[in-house]
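I have placed the structure first, in the form of structure tokens, so that the comments after it can refer back to it.
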């Protein structure tokens, strides 16, 4: 019970067996010793730390909280980041994937009205006059699967990380050129810091939300140059999003494919205000998406596919299943072997992390976890050495322990809910 409580009701804890001994660095005296063989249960439970709410809700909430503070520190300061960064040029940008074919859309009006009607080469209507609700199953599905470019969709996913890297490099080059600097000297005058999160759209294509900030060459502790304004940063982002591309083999009969960002681009300046409400909202928006797995968004599965039969058995739409099959087939071709598309068929070819950040943007997950451990009383004794030896012996719960963990997780969630309501009532009372 104590161990399950200590993990916060983690749904799939990791079981470790071993011991930890803390010794005085001078005398060699044993100050602390923990051995699972002499403790009840003969194993130590630790959190699984899975970010997906569909896999482990308690750990995903912890991960979302860490993400919120990580992103917020890069917007408002704190966590060893100076508060002066809130006055820097900062943007909240959204980059989308290009069109791979027309899909059904939700909205107040008809989906894709076509006055003249008509059909495509496969005999399907090229328009749709139905008004779709946002949660309609048809939203995001192609009007014609035969016309949809599934190969380009999967290859774009596989190169999205490279496309983002080239985008940030080009933003730096654009800023240097606009300031009259040699492009290779940009790092001597300024630094581009960012944190980005990937999200699947209804059409199962990834788009990117990112916070972009301009600092001085030393990072958060350094002011940006006078030429580094919000307008200059916005112009650089828009120009680079239109210009950068990645070329990849499309097929022996077709040749080369140029992969670009989509035409839909949003670059919203973040203006400093007294309470930082906008920055808090952005941090909460980003944190919300890191807990969503592929299965929750309907754009894949949270487990890897090992065979063609796994694709057939997956609980996904026909559109997503075709993307999985396309990734599996492309993964068997020699020219696409470095992309490891079969390994990433469950995410439709997307190989990047859900959240990535530049080194100087803000704090790290490791620092936040260490701070939380210190807050909980896990303090390192000075002038000591620690000898630890642990091995993996299993994971998960027995049926009885799973009920206990679920009850503990529910109690913690209810306590948090009541705490939020009390804080809100206090704010409204003032």
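The values are calculated or read from the model by the stated rules, or taken from the named source; none is laboratory data. Source: prediction; values computed, not measured. Counting neighbours? That spans all protein chains shown, and the Cβs are built from the backbone with ideal geometry, glycine included.
A few comments on the model shown:
- Boolean, residue 336 is touching a residue at least 24 places away in the same chain (Cβ under 8 Å), assigned to a loop (DSSP other than H, G, I, E, B) and touching a strand residue (DSSP E or B) at 6+ places or on another chain (Cβ under 9 Å): no
- Only strands (runs of 3 or more DSSP E) whose full extent lies in the stretch 24-116 are considered here, and the ones with at least 2 residues that are surrounded by fewer than 18 Cβ atoms within 10 Å (Cβ to Cβ) and either at positive phi or modelled with pLDDT under 85 (or both) are 30-35.
- Some residue of the stretch 366-375 being over 20 Å from residue 68 (Cβ atoms) and out of contact with any helix residue (DSSP H, G or I) (no Cβ under 9 Å at 6 or more places or on another chain): no
- Checked against (1) surrounded by fewer than 20 Cβ atoms within 10 Å (Cβ to Cβ); (2) assigned to a loop (DSSP other than H, G, I, E, B), residue 300 meets all criteria but (1).
- When residues in the stretch 224-234 are screened for being surrounded by 16 or more Cβ atoms within 10 Å (Cβ to Cβ) and either under 17 Å from residue 74 (Cβ atoms) or touching a helix residue (DSSP H, G or I) at 6+ places or on another chain (Cβ under 8 Å) (or both), 5 of them pass.
- Odd one out for residue 292, checked against (1) part of a helix (DSSP H, G or I); (2) touching a strand residue (DSSP E or B) at 6+ places or on another chain (Cβ under 8 Å); (3) in the same structural domain as residue 210 (by TED's automatic domain parsing): (1)
- Test for residue 19: is it assigned by TED's automatic domain parsing to the domain that holds residue 387, in contact (Cβ under 8 Å) with a residue 40 or more places away in the chain and within 37 Å of the chain's Cα centre (by Cα): yes
- Boolean, residue 203 is crowded, with 20+ Cβ neighbours inside 10 Å, closer than 29 Å to residue 351 by Cα and modelled with pLDDT under 95: yes
- Residues in the stretch 344-380 that are within 16 Å of residue 156 (Cα to Cα), at pLDDT 90 or above and outside any helix (DSSP H, G or I): 4 in all.
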